[in-house]
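Enquirer: I have a structure I would like to understand better, so I am pasting it below and will then ask my questions one at a time.
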Amino acid sequence: MDITQPDLTSLFDQLGLPSEPDAVETFIRQHSIAAEIHIAEAPFWTQAQKHFLAEALAEDAQWTEVIDHLDAQLRA
C-alpha cells in the first residue's frame, strides 16, 4: 500500500523528475501549458509521464489535487 503524502515533491519523484525544491521551481518556470492543452498532453512529458498523469486524473486518485495544483502553476 502506497502511503506517500501527495505533494509536488512526491509527484515529481513519481514522474521521475528531480524533486528538490529548486528543481521543481525551475521546471515550473521553464515549462508552460496553453489553455487548450490538457496537462497530460503537454509536449514536455514522456509517454510514461503522460500515462501516469492521465490515469491518476481519470481515477480521481490521491494525486489529483497535486496534479491540479501543478497544472495551475504551469498555466500562471
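Computed from the coordinates by the stated procedures, all read-outs in this text should not be read as laboratory data. What you see is a predicted model; the values in this text were computed from it and never measured. So basically every Cβ, Gly included, is an ideal-geometry build from the backbone, and we count neighbours across all protein chains shown.
Enquirer: Take the alpha-carbon positions of the chain, form their convex hull, and give its projected area averaged over all directions (one quarter of the hull surface) in nm².
Expert: 4.9 nm²
Enquirer: Putting +1 on Lys and Arg Cβ atoms and -1 on Asp and Glu Cβ atoms, find which of 57, 70, 46 reaches farthest to the positive end of the dipole of region 8-75.
Expert: About the Cα centre, the residue reaching furthest to the positive side is 46.
Enquirer: Suppose only helical runs count, i.e. DSSP H with n ≥ 4. What mean residue ellipticity at 222 nm does that imply for the chain under -39500 (n - 2.57) per run, divided by all residues and rounded to the nearest 500 deg cm²/dmol?
Expert: Here the helix-only value at 222 nm equals -16000 deg cm²/dmol.
Enquirer: Hey, another quick one. Per 0.36 nm of contour for each residue apart, how much would the distance between residue 5 and residue 62 grow if the chain were fully extended, relative to their Cα-Cα spacing?
Expert: Gain on extension, residue 5 to residue 62, equals 19.7 nm.
Enquirer: What size of dipole, in debye to the nearest 20, comes out for the chain about its Cα centre when the only charges are +1 on Lys and Arg C-beta atoms and -1 on Asp and Glu C-beta atoms?
Expert: Dipole of the chain, to the nearest 20 debye: 280 debye.
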